[in-house]
Amino acid sequence: MKRMILAAVLGIAFSAASFGKKIVAEGATYTTMGNYTIELADNQVPLKGKDCKAYVISYENSPMQVTVAICKDRDCKKFVVISDQLSVQYVCNDYYFGVEKLDRSFEKDGIKTSDSALNRSEYFHQKVLTPGKRGELEATQLIAAYFPRLLNDVNDVVATR
């Protein structure tokens, strides 16, 4: 009898754990959006005819969620950042990791960079965030920390209390 109860409790514990969020990283943005949480997305994101691995970034003080789809090209990885407010891409190659406006090829998927939502000064500051290649998780953490600064009106996406 004790074994059956133990087996039932373990079964419930494992099934509850499988429904939990898959948080892979947390950190600070040092902006009004507060701390960020990065989760592995449940589904891949289809971009340019390929399924791309994705992460979802949530912010402490904002209902806005940001999806980061990682697409591999010949020479580098593109981290396509998609949100309701602004969409951009961060590029990682042998020389640097930094932000760019989205390629025209992504317009077929219905996403493009809105110049009116983009903080141009911060955009040019983020053209090179760090030299050299970065791993997927480290690059996604950099995106989570720096992306809120690209928003022209960051106060529009911060929840008021």
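The values are calculated or read from the model by the stated rules, or taken from the named source; none is laboratory data. What you see is a predicted model, and the numbers here were worked out from it, not measured in a lab. Note: ideal-geometry Cβ built from the backbone for every residue, glycine included; neighbour counts use all protein chains shown. With ligands, DNA and RNA removed, areas are computed over all heavy atoms of the protein, side chains included. Shrake-Rupley method; radii C 1.70, N 1.55, O 1.52, S 1.80 Å.
Observations on the model:
- If the condition is being farther than 15 Å from SER105 by Cβ, in contact with a strand residue (DSSP E or B) (Cβ under 8 Å, 6 or more places away or on another chain) and open to solvent by less than 20 Å² (accessible area, probe 1.4 Å), then the stretch 63-78 contributes VAL66, VAL68, ILE70.
- Inside the stretch 108-161, residues that are modelled with pLDDT of 90 or more and among the basic types (Lys, Arg) make up a count of 4.
- Residue match in the stretch 35-56 (condition: touching a strand residue (DSSP E or B) at 6+ places or on another chain (Cβ under 6 Å), open to solvent by 20 Å² or more (accessible area, probe 1.4 Å) and in contact (Cβ under 8 Å) with a residue 40 or more places away in the chain): yes
- For the condition among the β-branched types (Val, Ile, Thr), open to solvent by 40 Å² or more (accessible area, probe 1.4 Å), on the phi < 0 side of the Ramachandran plot and in contact with a strand residue (DSSP E or B) (Cβ under 7 Å, 6 or more places away or on another chain), VAL128 qualifies.
- Flag for LEU102 being open to solvent by less than 20 Å² (accessible area, probe 1.4 Å), of a type outside the set (Val, Ile, Thr) and touching a strand residue (DSSP E or B) at 6+ places or on another chain (Cβ under 8 Å): no
- Among the residues here, GLU60 qualifies as surrounded by 14 or more Cβ atoms within 10 Å (Cβ to Cβ), more than 21 Å from ARG134 (Cα to Cα), at pLDDT 90 or above and among the acidic types (Asp, Glu).
- Where a residue in the stretch 113-127 is over 14 Å from ASP153 (Cβ atoms) and its partner, wherever it lies, is of a type in the set (Phe, Trp, Tyr), with Cβ under 6 Å and at least six apart: GLN126/TYR146
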